[in-house]
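First comes the structure, then the notes that go with it.
The values are calculated or read from the model by the stated rules, or taken from the named source; none is laboratory data. Since we're looking at a predicted model, the values are computed, not measured. Neighbour counts run over all protein chains shown; Cβ positions are idealised from the backbone, glycine included.
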Amino acid sequence: MDKWLFGSVLVQVVLTLLMMVLMGKRRFKAAKNRELPYKAFRVMDLTGANEKVITASRNFDNQFQLPVLYLFAVVFALQFGAVDLSLVVLGWLFAISRLVHAYVHVGANHVRLRFAVYVFGALMLLLFWLKLSFAYLLT
């Protein structure tokens, strides 16, 4: 079970790295096309940047919010020896929700769908933490 759970962590790590690359490509393109002055990168003032640059930047930042709580939960689950099928399923549902969220965010950016996917992922994370907490506290 541990390896299955770790697989969901790898998905999250790869997603974060892909978003970093996408963000970099969009920023470089905007700078090269003079849509954004180079001095904007001194203090990361993206005022005036196009929507693609901003969404990629925001999505990359977003990979260090809920996913950090997920990564800590997985470390605790592995340390406590609490990994079971329910945590694996919740973990994969969270990771998949992050993939879908990123796809929607840097793609069509349909706000209602993006929000629904975000809430679903947050709920999976909450359930993961509750299950982990009860598993640990009741042993």
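Taking the criterion of being crowded, with 17+ Cβ neighbours inside 10 Å and assigned to a loop (DSSP other than H, G, I, E, B), the residues of the range 1-50 that qualify are LEU36, ALA49.
Of all the numbered requirements in (1) surrounded by 19 or more Cβ atoms within 10 Å (Cβ to Cβ); (2) under 20 Å from VAL21 (Cα atoms); (3) among the small types (Gly, Ala, Ser), GLY107 misses one, and that requirement is (1).
Write out, first by first residue and then by second, each pair whose Cβ atoms fall under 7 Å of each other, whose residues are 6+ apart or on separate chains, and whose first residue, in the range 113-139, is in contact (Cβ under 8 Å) with a residue 60 or more places away in the chain while the second is aromatic (Phe, Trp, Tyr) and buried (at least 18 other Cβ atoms within 10 Å of the Cβ). From residues that are in contact (Cβ under 8 Å) with a residue 60 or more places away in the chain, there are no pairs. The number of residues in the range 90-107 that are among the hydrophobic types (A, V, I, L, M, F, W, C) and either under 18 Å from TYR136 (Cα atoms) or assigned to a loop (DSSP other than H, G, I, E, B) (or both) comes to 1. Scan PHE60, PHE72, PHE128, PHE115 and give me the residue that is closer than 30 Å to LYS32 by Cβ, among the aromatic types (Phe, Trp, Tyr) and in a helix (DSSP H, G or I). Of PHE60, PHE72, PHE128, PHE115, the one residue that is closer than 30 Å to LYS32 by Cβ, among the aromatic types (Phe, Trp, Tyr) and in a helix (DSSP H, G or I) is PHE60. Any idea which of ALA116, ALA73, ALA56 is within 30 Å of ASP2 (Cα to Cα), small (Gly, Ala, Ser) and touching a Leu at 6+ places or on another chain (Cβ under 8 Å)? Selected residue: ALA73, the only one of ALA116, ALA73, ALA56 that is within 30 Å of ASP2 (Cα to Cα), small (Gly, Ala, Ser) and touching a Leu at 6+ places or on another chain (Cβ under 8 Å).
Yes or no: the range 51-58 includes at least one residue that is within 22 Å of PHE120 (Cβ to Cβ), surrounded by 13 or more Cβ atoms within 10 Å (Cβ to Cβ) and of a type in the set (Val, Ile, Thr). Yes, the range 51-58 has at least one match. Within the set of pairs 6 or more residues apart or between chains, which connect a residue that is closer than 24 Å to TYR103 by Cβ inside the range 28-55 to a residue that is at pLDDT below 85 and assigned to a helix (DSSP H, G or I) with Cβ atoms less than 8 Å apart? Taking only residues 6 or more apart or on different chains, the pairs are LEU46/ALA40; ALA49/ALA40. Within the range 81-116, the set of residues being farther than 19 Å from LEU127 by Cα and either over 12 Å from the mean Cα position of the chain (by Cα) or among the basic types (Lys, Arg) (or both) comprises VAL104, VAL106, GLY107, ALA108, ASN109, HIS110, VAL111, ARG112, LEU113, ARG114. Among the residues of the range 8-24, none is identified as touching a residue at least 24 places away in the same chain (Cβ under 8 Å) and more than 15 Å from the chain's Cα centre (by Cα). Among the residues of the range 63-80, those that are surrounded by 12 or more Cβ atoms within 10 Å (Cβ to Cβ) and more than 15 Å from the chain's Cα centre (by Cα) comprise PHE76, ALA77, LEU78, PHE80. The set of residues from the range 28-66 being in contact with a helix residue (DSSP H, G or I) (Cβ under 6 Å, 6 or more places away or on another chain) and basic (Lys, Arg) comprises just one member, LYS52.
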